[in-house]
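Trainee: Encoded as C-alpha cells, here's the structure I'll be asking about.
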Amino acid sequence: ATSTPDKPRLLAVAAVLQGSTSAVCALADSGIERPRDLAGRRYASYDGRFEDAIVRAMVRHDGGDGDAVDCHPLPMHGYGDAATVASGSAVVSQLQANLSDSTWIFTHWEGVLASRAEQALRCFRLEDHGIPYGYSPVLLAHPDAVADSQTAATLRRFLQASAHGFQRAAADPAAAAAAIVASGHPSVADEEFVTAAAEATAGLYLGPDGRWGGMDRERWAGFVRFLAGDGILTARDGARVAEKSVDVDSLFTEALLP
C-alpha cells in the first residue's frame, strides 16, 4: 500500500512465515532489562518505513518515554555499512562495537549467530509488548499482474513450487540447509550455522493446517489498527492516515495460493 499516487500499490500474495522472528535486542550486560529501558539509549535503525515509530511505541507500551530513544540510521538501510554486511549482523557491527545499544534482529538469523558466538542477548518480542506485527516477510506482486490471467497463472505456478519447497524445508530443515549451502554462495558457506538457522525457522513456515503462504484478514486488520491507533500510519508528508481509510482487503490476496 502507498499514499503516493504515482507509486504502485503492491499486493501481498503469500506470507513466507506464519510465526514472527522479529525482536528488538540488546546485549545482556547492557543494563537494558526491558523495552522501557531503551529510553535515553541508542537504537541502530535500518530506517524502515515505520521501524523507529514501532520501537518507540514498544517503549511507550512498557511505560517508558518512546521519544527519548536515540534512533540513528545505518547507511543505506544497513547495506551501506561494511561491518554489518561482512558480519551479517548489527549485533556484531553495532552492539559489540559499542556503536549502539540496541537494534532490530531476526532471531532465526542474528539470534542464531549470537548464540553460536556465545554472545548473550536480551530480546524483546514485538507481540509481547502490544505490537501485533502482522506478517513478515511477505511475497508481493503488482495488482496488474494478479489481474492478468496469463501472469496470474505464472504466479500460481511459482507459488505452488514455493509452497512445496517450504513444506519440504519444514519437514527436513537439515536437507533444506544442505541445499542452500550447495548453492556455493559465500554468505551460506557455514553449514553448521545454516542448519541451525533452518531448524530455528522450520516450525514457522506452515499454518496449523500444514498450508504455506496463508494470510488471515484479522491479522492484517489488527496491524493496521495498531499503526493507526498509535499514530504511526502516516502519509509521506507526515499527515496521519485514519484506520477507516485503509481497505484491508486491498492489501493482500490468497487467490493465487495452492
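The values are calculated or read from the model by the stated rules, or taken from the named source; none is laboratory data. Please read all numbers here as calculations on a predicted model, not as lab measurements. Cβ atoms come from the backbone with ideal geometry, glycine included; neighbour counts cover every protein chain shown. When the accessible area is computed, the model is the full protein with side chains, heavy atoms only, and any ligands, DNA or RNA have been set aside. Shrake-Rupley method; radii C 1.70, N 1.55, O 1.52, S 1.80 Å.
Trainee: How big is D for the range 149-258, in µm² s⁻¹ as a whole number, if Stokes-Einstein is applied with the Kirkwood radius of its Cα pairs at 10 °C and 1.306 mPa s?
Mentor: Numbers: Rh = 16.9 Å.
Translational D for this selection: 94 µm²/s.
Trainee: Just flag the GluC sites (Glu not before Pro) in the range 59-133 sitting in loop per DSSP whose Cβ has no more than 10 other Cβ atoms within 10 Å.
Mentor: Within the range 59-133, the qualifying GluC sites (Glu not before Pro) (loop, at most 10 other Cβ atoms within 10 Å) are E118.
Trainee: For V69, which sequence-distant residues (separation of 5 or more, or a different chain) have an amide H within less than 5 Å of its own amide H, given hydrogens modelled in the peptide plane?
Mentor: Correct list: G40.
Trainee: OK, next. So what does the Cα-only Debye profile of the range 151-192 read at q = 0.30, 0.31 Å⁻¹, as log10 I(q)/I(0), no solvent term?
Mentor: -0.92, -0.94
Trainee: Something else now. By DSSP, what percent of the beta bridges with both residues in the chain are antiparallel, rounded to the nearest 5?
Mentor: Bridges in the chain are about 70 percent antiparallel.
Trainee: Label A189 and E254 with points 7 Å out from Cα along Cα→Cβ: what is the distance between them in nm?
Mentor: Distance between the two pseudo-spin positions: 4.3 nm.
Trainee: In whole Hz and in residue order, list the ³J(HN,Hα) couplings for the range 67-77 that follow from phi through the Karplus curve 6.51 cos²θ - 1.76 cosθ + 1.60, θ = phi - 60°; x for Gly and Pro.
Mentor: Each residue of the range 67-77 in turn: 5, 8, 6, 8, 7, 10, x, 7, x, 6, 6 Hz.
Trainee: Hey, another quick one. Per the chain: cysteines with no other Cys C-beta under 4.7 angstrom?
Mentor: C71
Trainee: Name the residue farthest towards the positive end of the dipole of the range 113-258 from the options A147, G165, F193, assuming +1 on Cβ of Lys and Arg, -1 on Cβ of Asp and Glu, about the Cα centre.
Mentor: A147
Trainee: By how many nm would the segment from A161 to R211 grow when fully extended, if each residue of separation counts as 0.36 nm and the alpha-carbon distance is taken off?
Mentor: Here the answer is 16.7 nm.
Trainee: Continuing with the same structure: Per 5 Å bin, what is the whole-percent P(r) computed from every C-alpha pair distance within the range 204-258?
Mentor: 4, 17, 21, 19, 14, 11, 9, 3, 0
Trainee: Follow-up. Leaving out ligands and nucleic acids, and using a 1.4 Å probe, what accessible area per residue does the chain come to in Å²?
Mentor: With the other protein chains kept in place, the chain gives 51 Å² per residue.
Trainee: Follow-up. Round to a whole number: what % of the accessible area of the range 1-120 belongs to carbon and sulfur, probe 1.4 Å?
Mentor: Carbon with sulfur: 52 percent of the solvent-accessible area.
Trainee: Can you give the helix-only mean residue ellipticity at 222 nm for the chain, where every DSSP H stretch with n ≥ 4 adds -39500 (n - 2.57) and the sum goes over all residues, rounded to the nearest 500 deg cm²/dmol?
Mentor: One gets -9500 deg cm²/dmol as the mean residue ellipticity at 222 nm.
Trainee: For the range 125-168 and the range 46-113, write down the distance between their C-alpha centroids in whole Å.
Mentor: 26 Å
Trainee: Can you bin every Cα-Cα distance in the chain into 10 Å intervals starting at zero and give me the percent of pairs per bin, rounded to whole numbers?
Mentor: All Cα pairs considered, the percentages come to 7, 26, 33, 27, 7, 0.
Trainee: OK, next. If you take the charge dipole of the chain about its Cα centre, with +1 on Lys and Arg Cβ and -1 on Asp and Glu Cβ, which of A15, H61, A176 is farthest toward its positive end?
Mentor: The one lying farthest along the dipole's positive direction is A15.
Trainee: While we're looking at this one, here's another question. Which whole-number percentage describes the relative contact order of the range 106-258, with Cα contacts under 8 Å and a sequence gap of 6 or more?
Mentor: Relative contact order comes out at 26 percent.
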